[in-house]
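Presented below is the structure to which this report refers.
The values are calculated or read from the model by the stated rules, or taken from the named source; none is laboratory data. Just so we're clear, the structure is a prediction, and the values are computed from it rather than from any experiment. Neighbour counts are summed over all protein chains in view; Cβ atoms, including those assigned to glycine, are modelled from backbone coordinates with ideal geometry. Just the protein is used for accessible areas: all its heavy atoms, side chains included, with ligands, DNA and RNA removed. Shrake-Rupley method; radii C 1.70, N 1.55, O 1.52, S 1.80 Å.
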Amino acid sequence: MKMSDSISSDEVKHVANLARLRLTSEELEIFTEQLGAVLDHAKDVEALKLDDVEPMSHPLPIENTMREDIPSPMLKPSDFLSEAPVVEGGRFLVPKILGEES
Amino acid sequence: MNQVIFKDNWELIVGLEVHVELATQTKLFCGCLNQFGNEPNTNVCPVCLGLPGSLPVVNQKAVYFAMRLGRALHCSVNRSVFARKNYFYPDMPKDYQITQYDLPTNLEGYLELPSGKTIGIERAHIEEDTGKTTHIGTSGRISGADYSLVDYNRAGIPLIEIVSKPEIRTIEQAKSYVSELRSIILALEISDAKMEEGSIRVDANVSVREVGENNLRTRCEIKNVNSLKSLGRAINYEANRHISLYGNGESPRQETRHWDESAGRTRTGRSKEDAEDYRYFTEPDLVPLNPSEETITKIDQEMPELPSKRRKDLANLTGAKSSDVALLVERNHDAFIFDVIEGGGVPEQVVKHMVNNLSAGLGELSTEAFAQLTQMENKSEITSTQAKKILGELVKSGGTPAELATELGFEAIGTKEIENLVDQLINDHSDEWERFCLGDSKVQGFFVGQVMKSTSGQADGKVINQILNERSIDNK
Amino acid sequence: MSGMVPEQYQSASEIAELVATGEVSAIEILERYLNQIQEYEKDVHAFNLVTINEARAVAQETDKLIARGVTIGPLAGVPVAIKDNLCTKGITTTASSKILESWKPPYDATVVKKLKEAGATIVGKTNLDEFAMGSSTENSAFGPTRNPHDISCVPGGSSGGSAAAVAAGFVPIAIGSDTGGSIRQPAALCGVVGVKPTYGGVSRYGLLAFASSLDQVGPFATSVKDAAIVHEVIGGYDPLDSTSIKQAPESFLDMFDKGINELKVGVISELMGGIDGVTHEVIEQTNKAVSALSNAGAIVEEVSLPAALYCLSAYYLIAPAEASSNLSRYDGVRYGLRVEGANLNEMNVNTRTEGFGDEVKRRIMLGTYALSAGYYDAYYGKALKVRRLLAENFADLYKDYDVLLSPTSPCTAFKLGAKVNDPMMMYVNDVCTIPSNLVGHPAISIPFGSGKDGMPIGVQILAPPMKEPVMYQVAHALEKASQ
Ligand SMILES: [Zn+2]
């Protein structure tokens, strides 16, 4: 199979890491190839000279949509804590957090 | 405490990032209550819990507050765009934070310290607060925790982050910057600005360089500083850490560090090999904010008088020294002082009492009574000790100084009476008098003390001195 | 296989009228559709969940109200299926993902709320490609949906469940979401009408986000008129969606029967063979639609949309970029799946690795890469500029044309499994529909004949933002011509 030079398997590993995903070595190989194919296709866009073009993040030019500072109904803890994987004393429990301090 | 830096020819460079929780009624992107101290996870809704499908809508009041602060800091208020800052952390319900990145609301301003120095403001942008993570385990610290618990009541509370330029050069300036910013915020009524409760949070970017150097060296960001005192200690510790690293031929590494108050040191923070790539991009669920000229003009018109202007006005009126002026403005006593002086109060006396004797509050004290009191004191109808006592009574229960003086038996001892006493003393102590006339100032205290003793302290020290001087000139 | 696709569909407007006047009860209507579901759902697998009991309760309530003389809305007693990426309070909402397998939202999406208020009977949640990422509904964690016209074929996607449900006569109306063609392409492949409204025309509140700046909720129906009626019900300003348009839309039905004499229609040449991948038979059938419109009095001309050449690339950078961020929240902390680990990071990784399917992972990684420092300008930044070029192209064309026309899908429904191993081949299915999403314009797909395999072909009418009335006007004329 042809391998793209648009993205390396190390870069795929890096983005998987950033996205909190783990890949088997087999998956890494397949994903690298597939992402490479998409990025190869995107080379047409990458090659465009568009220095004077304003990027467009929003499809429509709406501005200044805001709400007034008025309270609205809140959820009862029972509405959502029952959906939580692990709860203790009304709070969401997470396993210990590593790498914060030395 | 920080002399090492200067002795060894090192210059301190500090930039501060100050987060301020805004005192809106509701959160930044939803109608949940912006309240402190409720039961965990009771001030939440689909939006601030980050439930799938929920969408943010910006709180107009928060934007107004942000622009108000921006204008008070002399910033330009711009068309702004919200952005997502992506990183995984359980206190962020969406695993991204909505903030402003390349197009913040406020840009390029400055803050004037009471000393007169100005510190540049790079930006002041709007963002959402995170939830609160409590670490459970024997140590109570995150590193020793067995697990953590998350409460999202704080998630989504509106914050403004004010980023200074790295123009702060001393610890005093750093502290002064924060307290000045705090008084501006209080004057604007946009936050309760309590550092201990976390409604103002300060991160310090600290680096050092040799005097004369132009480039900035590697900086470290110090977090978890909870008071002005720890801010000073943290900067001092960190600067010295850098200096000793350089002294050993090493360099600090750019990183986030946490201030450990009890250990009196900073510690290296999260080692984020990954997290440095926040993948900012425009928040597609929100639209740009584009305040009109009229909106900005209106904000300027509604601007209250700010501490720097008030300090200038007070200094012009009273001639008081800058530290006193700063103190009085901080206590919000300047308007009262203006009224007192307008009502005939003697500036010098007014300032003296305001600074020394009225720190606990003005109580029942009226401007008229205070003005009269300073006049009486100025005319030596009462002594300063008596004035202080009368002032105490005025604060406690009001009244007029003249009546109180009579009531307390503070009929001032007349100048004539004091002259007689002084002349008597000169006769009785001719040796001492000779020494006084030869310029031995030590015996001056003896004469004043004697007069005070025989009048039970009711004589005015100023008058005694005046008479002594007159007599000594006569003697020559 | 006769019966799986009914000979004739009963329109939603007719049902609502019959129910509102008391001629037929809502429960009777419901049971008829439930029977069809009972009969064929095992072959089609359009639904993740059929809420029989809730639906019966609602229908009975509707009948009670009508008996009492209460006026019900325009969808009185109309059974409606909801794509399973729209929140339904207390009813499992999965996005066809293992990561949300049993999640019950504590709130209704605005669209769902509006449907309920209009008197609709919600009968269930339809299957989709996981988190709406796909063009065949094969990327569902709960198995694929099949095309009722030929169950060896895909229904298209990502709203394949909704399209198939309408095509199979399980419901007269279904709701889908369209990020790059996810309503129109399955509508075309299943031979029904599908609409992507103007961005901001229908609230996204309660829609599980895929790509926020592209997602729009819209209807599936068996007629253009039904689609317009439902669109009016679900549309309008929503203060809970900041990107919602405040200005009230014009009535979609006012111009409906006015004919199309003198209306100017531009046929996008790039999508009629200019770009590889659009099959000959689809082009041929689209040309027949062009003639039909021309015969009905419209002025039809070939036009060029040059930026269309770059849309696929731009879309497959922008959509994954937004998705990578939108899907971060599925971390095992607050709701949904959690796979434990020794520490927080491990738990996050275990949960997401096990909870997401391959296509979702692919797009998350692609988007993460596109937004990364060092690549942002080359990929994501460029894609946003292409979007601007495209908008300018469209604006130029709409100076001269009322609507534009193109095929909806480059090909008819393909066999299950035919494209699953080649993402790029799958992505090309969206080539005709993506442009409307990138610029936020409305577009509709109308069934127009079939290919030599007998599978339906759809034609797409594109209109400027907020110009749905003229879009429906032309679509209706085309619908009449196809009958
Ligand atoms: Zn909330």
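Would you work out if the protein assembly as shown is rounded, prolate or oblate? Take a ≥ b ≥ c from the square roots of the eigenvalues of the alpha-carbon gyration tensor; rounded if a/c is under 1.5, else prolate when a/b is larger than b/c, oblate otherwise. Prolate, because a/c is 1.5 or more and a/b exceeds b/c. For the chain pair B and A, buried accessible area totals roughly 4300 Å², probe 1.4 Å, rounded to the nearest 100. Bridge orientation summary for chain B: considering DSSP beta bridges with both residues in this region, about 95 percent are antiparallel. Label positions at B:Lys416 and C:Glu117, each projected 7 Å from the Cα along the C-beta direction, are separated by 9.3 nm. For the protein assembly as shown, the solvent-accessible area of protein heavy atoms averages 38 Å² per residue (probe radius 1.4 Å; ligands and nucleic acids excluded).
With a cut-off of at most 14 other beta carbons within 10 Å, and DSSP calling the residue loop, which trypsin sites (Lys or Arg not before Pro) in segment B:1-94 qualify? Please list them. Within segment B:1-94, the qualifying trypsin sites (Lys or Arg not before Pro) (loop, at most 14 other Cβ atoms within 10 Å) are B:Arg79. With θ taken as phi - 60° and the Karplus curve 6.51 cos²θ - 1.76 cosθ + 1.60 applied, the whole-hertz 3J(HN,Hα) list for segment B:434-441 is 4, 4, 4, 5, 7, x, 7, 5 Hz, x standing for glycine and proline.
Charged side chains reduced to their Cβ positions (Lys and Arg at +1, Asp and Glu at -1) give chain B a dipole of some 1180 debye around its Cα centre. Here chain C carries DSSP beta bridges of which approximately 65% are antiparallel, counting only pairs with both residues inside. In a DSSP loop and with at most 12 other Cβ atoms within 10 Å, the GluC sites (Glu not before Pro) in segment B:400-437 are B:Glu411. For chain A, the relative contact order is 20 percent, taking Cα pairs closer than 8 Å that sit 6 or more residues apart in sequence and dividing their mean separation by the residue count. Think of each Lys and Arg Cβ as +1 and each Asp and Glu Cβ as -1; about the Cα centre, that makes the dipole of segment C:14-108 roughly 380 debye. Surface burial for C against A, with a 1.4 Å probe and both sides summed, reaches about 5300 Å² of accessible area.
Look at the alpha carbon pairs under 8 Å that are at least 6 residues apart: their mean separation over the length of chain B gives a relative contact order of 14 percent.
Net charge within 15 Å of C:Asn127 by Cβ-Cβ distance, Lys/Arg positive one each and Asp/Glu negative one each, not counting C:Asn127 itself? Mind dumping the intermediate values first?
Numbers: positive: C:Lys42, C:Lys83, C:Lys98, C:Lys125, C:Arg146; negative: C:Glu41, C:Asp43, C:Asp84, C:Glu101, C:Asp129, C:Glu130, C:Glu138, C:Glu359.
Its environment carries a net charge of -3.
The trypsin sites (Lys or Arg not before Pro) of segment B:344-431 meeting both criteria, a DSSP state outside H, G, I, E and B (loop) and at most 16 other C-beta atoms within 10 angstrom of the site's C-beta, are B:Lys379. The helix-based estimate of mean residue ellipticity at 222 nm for the protein assembly as shown, built from -39,500 (n - 2.57) per DSSP H run of four or more residues and divided by its residue count, is -12000 deg cm²/dmol to the nearest 500.
Determine the sum of side-chain charges near B:Gly264: Lys and Arg each +1, Asp and Glu each -1, restricted to other residues whose C-beta is under 14 angstrom from that of B:Gly264. Around B:Gly264, the surrounding residues sum to +3.
Rounded to whole numbers, the Karplus 3J(HN,Hα) couplings from phi for segment C:422-436 are 10, x, 4, 5, 5, 5, 4, 4, 9, 4, 8, 9, 4, x, 4 Hz, using 6.51 cos²θ - 1.76 cosθ + 1.60 with θ = phi - 60°, and x at Gly and Pro. Surface composition of segment B:346-476: carbon and sulfur make up 47 percent of the accessible area, probe 1.4 Å.
Burial annotation for segment C:307-321: residues with an accessible-area loss of at least 20 Å² between the isolated chain and the complete set of protein chains, computed on heavy atoms with a 1.4 Å probe, are C:Tyr310, C:Ser313, C:Leu317.
The portion of the accessible surface of segment B:5-301 made up by carbon and sulfur, rounded to a whole percent, is 45 (1.4 Å probe; DNA, RNA and ligands excluded). Taken residue by residue and averaged, Cβ atoms of other chains lying within 10 Å of the Cβ of B:78-91 number 4. Computed 3J(HN,Hα) for segment C:241-251, one whole-Hz value per residue from the Karplus formula 6.51 cos²θ - 1.76 cosθ + 1.60 where θ = phi - 60°, is 10, 4, 9, 7, 7, 6, 4, 6, x, 6, 4, glycine and proline marked x.
Across the options A:Ala42, B:His333, A:Leu18, the greatest Cα extent toward the positive end of the charge dipole of the protein assembly as shown (unit charges at beta carbon of Lys, Arg, Asp, Glu) belongs to A:Leu18.
Tell me, how many Å apart are the Cα centres for segment C:265-316 and for segment B:299-353? Taking the Cα centre of each part, segment C:265-316 and segment B:299-353 sit 76 Å apart.
Peptide C:242-253 is shielded by partner chain Cβ atoms: per residue, an average of 3 of them sit within 10 Å of its Cβ. Between segment C:403-466 and segment A:1-66, how many Å separate their Cα centres? Here the two parts' Cα centres lie 24 Å apart.
With +1 on each Lys and Arg Cβ and -1 on each Asp and Glu Cβ, how big is the dipole of the protein assembly as shown about its Cα centre, in debye rounded to the nearest 20? Before the final figure, lay out each step's value.
Working: 102 positive and 144 negative charges, 201 e Å.
That gives the protein assembly as shown a dipole magnitude of about 960 debye.
Taken over segment B:307-407, lysine pairs spaced eight or more positions apart, or on distinct chains, with alpha carbons under 22 Å apart number 13. As a quick test, which of the pairs B:Lys132/C:Lys83; B:Lys165/B:Lys194; C:Lys64/C:Lys196 have an alpha carbon distance above 32 angstrom in this structure? Result: B:Lys132/C:Lys83; C:Lys64/C:Lys196 exceed 32 Å. Across chain C, the mean sequence separation of Cα contacts (distance under 8 Å, 6 or more residues apart), normalised by length, yields a relative contact order of 17 percent.
What does the charge add up to near C:Val428, with Lys and Arg as +1, Asp and Glu as -1, over the other residues with Cβ less than 13 Å from its Cβ? Surrounding charge for C:Val428 is -2. How large a share of the accessible area of segment C:238-353, in percent, is made up of carbon and sulfur atoms when the probe is 1.4 Å and the other protein chains stay in place? Summing carbon and sulfur atoms, their accessible area is 50 percent of the total for segment C:238-353.
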